[in-house]
1. For the range 353-418, please list each of the strands (runs of 3 or more DSSP E) lying entirely inside it that holds at least 3 residues being closer than 21 Å to Pro341 by Cβ.
2. In the list Asp357, Asp346, which residue meets the criterion of being more than 30 Å from Thr179 (Cα to Cα), charged (D, E, K, R) and crowded, with 17+ Cβ neighbours inside 10 Å?
3. Would a scan of the range 268-275 turn up a residue that is more than 13 Å from the ligand (Cβ to nearest atom), in a loop (DSSP other than H, G, I, E, B) and acidic (Asp, Glu)?
4. Anything in the range 165-189 that is within 14 Å of Gln143 (Cα to Cα) and touching a helix residue (DSSP H, G or I) at 6+ places or on another chain (Cβ under 9 Å)? List them, or say none.
5. Please pick out the residue among Glu325, Glu334 that is more than 17 Å from Gln152 (Cα to Cα) and in contact (Cβ under 8 Å) with a residue 40 or more places away in the chain.
6. Regarding Arg283, is this residue within 16 Å of the ligand (Cβ to nearest atom), at negative phi, outside any loop (DSSP other than H, G, I, E, B) and surrounded by 11 or more Cβ atoms within 10 Å (Cβ to Cβ)?
7. Just to be sure, is Glu212 among the acidic types (Asp, Glu) and within 15 Å of the ligand (Cβ to nearest atom)?
8. Assuming Leu138 fulfils every condition listed in (1) buried (at least 16 other Cβ atoms within 10 Å of the Cβ); (2) assigned to a strand (DSSP E or B) apart from one, which condition is it?
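The values are calculated or read from the model by the stated rules, or taken from the named source; none is laboratory data. In this text the structure is predicted, and so the values were computed from the model without any measurement. Counting neighbours? That spans all protein chains shown, and the Cβs are built from the backbone with ideal geometry, glycine included.
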Amino acid sequence: MASPLDLREVPRFEISCLACMYLLVRLLTQQIQGPKKAQRPNMPATERLYYTDSHLIEFEARVIDRTDRVSGWTAVTLDRTAFYPTGGGQPSDTGTLDGKRVLECIDGEETGILHVIQGRAPEVGTIVKGRIDWARRLDHIQQHTGQHILSQAFVTLFNAPTRSFRVLHDFCEIDVELTNPTNEAIERAVELANNVIWEDREITIRNVTGEEAGRLPLRKDSSRDGELRLIEIEGFDLTPCGGTHAYRTGEVGMIAVRTWERAKGLARIEFAAGIRALGDYRRANKTARAVASLFSAGRDDAAKLTARMLEENKDLNRRLRTLEEIAARVEAQELLVTALPNPTGDRVVMHVFDNRDGEALKHLAQALIVYPNTIALLGSRDRGAARIVFARSADAPGDMNALMRQACAIVDGRGGGKADLAQGGGKNVEKLEDALAAAKKRIDDA
Ligand SMILES: [Zn+2]
């Protein structure tokens, strides 16, 4: 009996709908298998045809058990199957049984493999025709075999074992014990892995006893006792595994690393193999071309041109701020002319602008309070939000911080600062003028 996947290094689908389906199916499995186990202790285990041929997509089998439990869903157990079941997190195959959709397969170990199907389950004893969705199987073969190759490449080059493996929606992840991960180190492993793929090495399966396995240079130990199923990539990798693999490494096509990061002392590496590598290339190419077209430039110039534009943008901002400061001084003089002194001799400049950000308001406020006995209450309607700056000259009265808190409450926002300068804002633009008027009233009433 060959061993199922080693649980420490198994792929795991992280698709929410699949997870939901898995939970439901698990429930269904428990319902079916609970009583059945007791009733039929000698029910034969399902023969796993995928162990001997990962490329078998059509087969015939006899129904040995069936159930109609959940609305629209039924499940059957077969005497033999080519469907790879969800096991240890490995996503199962999908396909058809006598034309009915097989949504998921669950590994019941001693009670056989459960095929969850849409529609009525065939009767026990019926001979059914199974068909595997080849595109999905090939994708799993490419990601899974690709992982064997990439993991061994990290061992060969850096003696860095793989700690875990996940098959996600568009790509896969491995966590590698790589002491000093760098782009260069990871690309070296990718290059070695792709060379192994392009050398089209043979991949063979053999079953050995635990004792024999102990004498072999396995990439990882198995947590299983008894006979082990070993997957050998000619002259490169030998590891125990119960998954579905390519016949030859060439079938994996290629491996590309998308990105990587350090995570809990390991290097978490995102990669894609085969059809997923092509899909990833297409998406990356589309993005790069879309960016390049904004510059009417070639794809490979996109990053350089974007960096240049950001640099120019920063420079323009610096120039803009300098001009704002100059303009603010002129504008301050104009505004002061219109502000009449109150009975205590202080001038309150209150004004609401459009499309000025907080920084521009602050420049204007600072230009105003250069003048003695001046209080600036400035607001702006800026991109759907209210912005407020309150400031006063050193000889003018009033706590700008307190006034700002009151004003921000009126515009549904937040802000604060010091007694002579405070900034804030809120989302209620409609109340901006009220907020400024309330502040002015408090100053006038003081
Ligand atoms: Zn494997």
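1. Details: elements: 374-382, 385-392, 413-417.
Counting at least 3 such residues, we get 374-382, 385-392.
2. Details: Asp357 fails: crowded, with 17+ Cβ neighbours inside 10 Å.
Only one candidate qualifies: Asp346.
3. First, pick out the residues of the range 268-275 that are more than 13 Å from the ligand (Cβ to nearest atom): 268-272, 274-275.
Those left that are additionally in a loop (DSSP other than H, G, I, E, B): none.
No: the range 268-275 contains no residue that is more than 13 Å from the ligand (Cβ to nearest atom), in a loop (DSSP other than H, G, I, E, B) and acidic (Asp, Glu).
4. The answer is Phe165, Val167, Asp170, Phe171, Cys172, Ile174.
5. Going through Glu325, Glu334 in turn, just one is more than 17 Å from Gln152 (Cα to Cα) and in contact (Cβ under 8 Å) with a residue 40 or more places away in the chain: Glu325.
6. Judged against the criteria, Arg283 is not a match.
7. Working: among the acidic types (Asp, Glu): yes; within 15 Å of the ligand (Cβ to nearest atom): no.
It is false that Glu212 is among the acidic types (Asp, Glu) and within 15 Å of the ligand (Cβ to nearest atom).
8. With (1) buried (at least 16 other Cβ atoms within 10 Å of the Cβ); (2) assigned to a strand (DSSP E or B) applied to Leu138, the lone miss is (2).
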